[in-house]
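J.: Sending over a structure as structure tokens; questions will come in a sec.
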Amino acid sequence: MPQADLAWLLAAFALVALMFPGLAFYYGGLLGTNNVLNMFMMVLSTLAVTAVLYVLYGYGMVSGNSIGGLGLIGNPLEFFGMSGFEVDDGTGGPQPIYWAAFFILFAAITIAIVASGAAGRMKFGAWIVFSAIWLTLVYFPIAHWVFTYTDEETGYVGGWLRNVVQLHDFAGGTAVHMTAGVAALALALVLGKHKAPQPKPHNLPFVILGAGILWFGWFGFNGGSAAGANFLSQYVIMTTFLSGCAGIVGYLLVERLRDGRPTTLGLVTGAIAGLVGITPSADAVSPLGALFVGIASGATVCWAITWKKKWGVDDTLDAFAVHGIGGIVGTLCVVLIGASSAPAGVTGVLFGGDWSILWRELTAIVATCAYTFVATYAIAWTMNKTMNIRVAEEAEHRGLDVTLHAESAYAAAE
């Protein structure tokens, strides 16, 4: 029933929209008291920037007919201003205007995650400019590679990873999580390490609340990607739930072995890692496989955070470990344990599947990560040379809430 599909997808849109305050609480709680509002500003501003760009040319760059038939980028003028979307086709089901709105949220949450790499040391105006350039030059092209299908009947050409390489990525392990994690790392490297001492997370209840809201929204993120109120949406909601739970187990096991004690922060980080891991594989693994995805993602992310600390990389909120590494693990799980009985019908190599799936997924991983890192580093480096994107050392010590926004989250911090 088209009306049932539309009802579920409208609910999924609302769930994904709720992820933005959830991410703001999650990241804000991890910082000191003097940078909370700045992080809220960075995360929530991505909605405004992305919506404007998507209406002007972003939808065309992502979903438009590929320029020259190369599968690299859609025609930015094809849907300029979303003209023609005002007409109801009379079916009662979801229409292009809905999908444009839904994918605005996908793009916005991706750049919002990147904000973590700049926490506490980037000018807010520079962040807005960076967001617009990054979406245009990095996210929109990669989203076209991954999300846009070719239609041979109409001659419509989609992205090269989806249609030529035949990548399997259910809801954005590459275009969303790998790009966000790798971009956060590149931005952090350009900005350099913090000069002010970094306090421990100031509000773990904020972090827990934010993680819970993110988990809640993830059911809309993955469930809405099923494109209707159908069996697939039911299936991916279950695998999403299971992987989040198992991510907790995997992370806490490694944390217990590494540090001698499990922590609340480890619990919520493990849950997010499991949710990241299942995003590309939610329709391709069995329920038992979803548990494996969660445990593998949680354990690997915990190890990756340890590696980051040893190498001295100042990716403040661990976006590269959680989203970059977690997205890679989830994508590789399609290769290893894809179940022919799952809706996607992909058979992993451990179950006798064709080894060609390995090169397809690896090609997507390497292309996504390499392009994202090089392009993001180039954007941030160029901006830093031309407009100095980092705040002054004094502002960093005082905190960006007061110095950039003349506000304080807590009266005692004024």
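J.: Only loop residues by DSSP count here, and only those with at most 14 other Cβ atoms within 10 Å; note down the chymotrypsin sites (Phe, Trp or Tyr not before Pro) in the range 105-203 that meet that.
T.: Those satisfying the criteria are TYR149.
J.: Moving on to the next point. Could you point to the residue in LEU6, TYR98, LEU187 farthest towards the positive end of the range 2-409's charge dipole, with +1 and -1 charges on the Cβ of Lys/Arg and Asp/Glu respectively?
T.: About the Cα centre, the residue reaching furthest to the positive side is LEU187.
J.: Using amide H atoms built in the peptide plane, which far-off residues or other-chain residues are under 5 Å from MET122 H to H?
T.: Hits under the 5 Å cutoff: VAL391.
J.: Below 18 Å, Cα to Cα, which lysines can LYS385 reach? Residues fewer than 8 away in the same chain don't count.
T.: Output for LYS385: LYS123, LYS193.
J.: Roughly how many debye, to the nearest 20, is the charge dipole of the range 219-323 about its Cα centre, given +1 on each Lys and Arg Cβ, -1 on each Asp and Glu Cβ, and no other charges?
T.: Using Cβ point charges on Lys, Arg, Asp and Glu, the range 219-323 gives about 280 debye.
J.: Round to a whole angstrom and tell me the spacing of the C-alpha centers of the range 362-389 and the range 21-83.
T.: When both Cα centres are located, 16 Å separates them.
J.: A further question on this structure: Please find the FRET efficiency linking VAL129 to PHE216, where r is the Cβ-Cβ separation and R0 is fixed at 41 Å, and quote it to the nearest 0.05.
T.: Step by step, r from the Cβ atoms, then E = 0.80.
J.: Determine the distance separating the Cα centre of the range 244-287 from the Cα centre of the range 107-156; give it in Å without decimals.
T.: A separation of 26 Å, based on Cα centres.
J.: Tell me the mean residue ellipticity at 222 nm calculated for the chain from its helices only (DSSP H runs of n ≥ 4, each -39500 (n - 2.57), averaged over every residue, nearest 500).
T.: Using -39500 (n - 2.57) per qualifying helix, the result is -19500 deg cm²/dmol.
J.: Same structure, new question: In nm, to one decimal, how far is the THR382 label point from the LEU358 one, both placed 7 Å along Cα→Cβ?
T.: About 3.8 nm, to one decimal.
J.: How high is the relative contact order of the range 2-409, in percent, counting Cα pairs under 8 Å that sit 6 or more residues apart?
T.: 23
J.: What does the C-alpha gyration tensor say about the overall shape of the range 1-102? Classify as rounded when a/c is under 1.5, otherwise prolate if a/b is larger than b/c, or oblate.
T.: Oblate, since a/c reaches 1.5 and b/c is not below a/b.
J.: For q = 0.07, 0.14, 0.15 Å⁻¹, what log10 I(q)/I(0) does the range 2-409 give under the Debye formula with an equal point scatterer on each alpha carbon and no solvent?
T.: Log10 I(q)/I(0), no solvent term: -0.30, -1.27, -1.45.
J.: Taking just the C-alpha trace of the range 313-414, give me its Rg and Dmax in Å.
T.: When restricted to the Cα atoms of the range 313-414, Rg and Dmax are 21.7, 62 Å.
None of the figures in this text is laboratory data; all of them are computed from the coordinates on show. Quick caveat: nothing in here was measured; it's all calculated off a predicted structure. With ideal geometry, Cβ positions are generated from the backbone for all residues, glycine too; neighbour counts draw on all protein chains shown.
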